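Read the structure below first, then the notes.
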Amino acid sequence: MDRTTSVGASVSARGHFARTWTLAFVGGELAGFVPPAIVGVALGTLGAHDVVFVVALTIAGIAEGAALGAAQAWVLRRFAPSIDWRRWVAVTASAAGFAWFIGMSTSQIGGASPLAPWLLVLLFVPLWLAALLAMGFAQWTVLRRVVPGSSRWIWVTAGAWLIGVSIPVIALSIVPDGWPLWSHGIVGVVAAVAMGLTVGALTGRTLASLLARQTRSLRMLVEPGRFGVREA
């Protein structure tokens, strides 16, 4: 039997899926945290040009997305093998790179622009919204082939990332500049774990629910009498 069916078999099965997804999410985020961290520190030390920062961190962001996508794909291969896990990794990496590009480019432009801050925010909001929706939309293009009516994934993923990304932003912003570099690294790692747990838990429960709904639909087609549906 397809393991996708087991995800929808019971509440405990869905809980097991969500926990596995969350732990994999944390692992993927920790692995993906390394390339941007190394690139950012190296370029900052070298005093690299803003354009180099944007390009290099976009590439590092693609690597981060690939690590996260691979961790998620490991779970999908176990529980939902009908989902194209290779394409899932590819679109996750692409979406992460896009989000990093938007984030870094707007940050660099904002820092050098003579425009008023409120005007910059007004101009950047559509770009930030696109970056926020990118991951969920990209993954949905894969998910919808197996789970019809799964557009909820886009909005839940966007909301989860909005909450999750705020964790390291807030955590690192309150660390005093005078603290040693290693302390910033520890705070960054802890914040990355907290972000992974948060986003993983929120998205994991949603994906388990979507897969369970798909399972019920399949059973109604295969076993119509069991669900009170008469065969034609």
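The values are calculated or read from the model by the stated rules, or taken from the named source; none is laboratory data. Not measured: the values here are computed from a predicted model. FYI the Cβ positions are ideal-geometry reconstructions off the backbone, even for glycines, and counts take in every protein chain you see. Side chains are part of the model used for accessible areas, which takes the heavy atoms of the whole protein and leaves out ligands, DNA and RNA. Shrake-Rupley method; radii C 1.70, N 1.55, O 1.52, S 1.80 Å.
So, in the range 190-220, of the ones that are aliphatic (A, V, I, L, M) and at pLDDT below 85, which residue ends up nearest to L143 (Cα to Cα)?
Looking at residues that are aliphatic (A, V, I, L, M) and at pLDDT below 85, I get A212.
Can we say T45 is out of contact with any helix residue (DSSP H, G or I) (no Cβ under 8 Å at 6 or more places or on another chain), over 24 Å from T203 (Cβ atoms) and of a type outside the set (A, V, I, L, M, F, W, C)?
Yes; evaluated as a whole, the condition is true for this residue.
Mind checking whether some residue in the range 31-40 is modelled with pLDDT of 90 or more and among the hydrophobic types (A, V, I, L, M, F, W, C)?
yes
Can you find, within the range 173-204, the residue that is least open to solvent (accessible area, probe 1.4 Å) among those that are without any contact (Cβ under 8 Å) to a residue 40 or more places away in the chain, under 19 Å from G32 (Cα atoms) and in contact with a helix residue (DSSP H, G or I) (Cβ under 6 Å, 6 or more places away or on another chain)?
Of everything passing the filter in the range 173-204, A191 is least open to solvent (accessible area, probe 1.4 Å).
For the range 119-127, does any single residue satisfy the condition of being closer than 26 Å to V34 by Cα and not acidic (D, E)?
yes
Restricting the search to the range 144-172, which residues are farther than 24 Å from G188 by Cα and touching a helix residue (DSSP H, G or I) at 6+ places or on another chain (Cβ under 6 Å)?
V147, S150, W153, I154, V156
Scan the range 149-174 for residues that are touching a Ser or Thr at 6+ places or on another chain (Cβ under 8 Å) and over 22 Å from W100 (Cβ atoms) and report the count.
1
Out of (1) open to solvent by less than 40 Å² (accessible area, probe 1.4 Å); (2) modelled with pLDDT of 85 or more, what's the single condition that is false for W155?
All conditions pass for W155, except number (1).
For the range 13-59, give me each residue that is of a type in the set (G, A, S), more than 15 Å from the chain's Cα centre (by Cα) and open to solvent by less than 40 Å² (accessible area, probe 1.4 Å).
Of everything in the range 13-59, those that are of a type in the set (G, A, S), more than 15 Å from the chain's Cα centre (by Cα) and open to solvent by less than 40 Å² (accessible area, probe 1.4 Å) turn out to be A13, G15, A37, G40, A48, A56.
Starting from the range 45-61, keep only residues that are more than 16 Å from G97 (Cβ to Cβ), then list their pairs with residues that are open to solvent by 80 Å² or more (accessible area, probe 1.4 Å) whose Cβ atoms are within a distance under 6 Å, requiring at least 6 positions of separation or different chains.
Hits for this filter: zero, empty list.
Looking at the range 133-147, which of its residues are crowded, with 20+ Cβ neighbours inside 10 Å, polar (S, T, N, Q) and farther than 12 Å from A158 by Cα? Explain how you work it out, then say what you get.
We begin by selecting, within the range 133-147, every residue crowded, with 20+ Cβ neighbours inside 10 Å; these are 134-136, 138-140, 142-143, 147.
The next check asks that each one be polar (S, T, N, Q); those that pass are 139.
None - no residue of the range 133-147 is crowded, with 20+ Cβ neighbours inside 10 Å, polar (S, T, N, Q) and farther than 12 Å from A158 by Cα, so the list stays empty.
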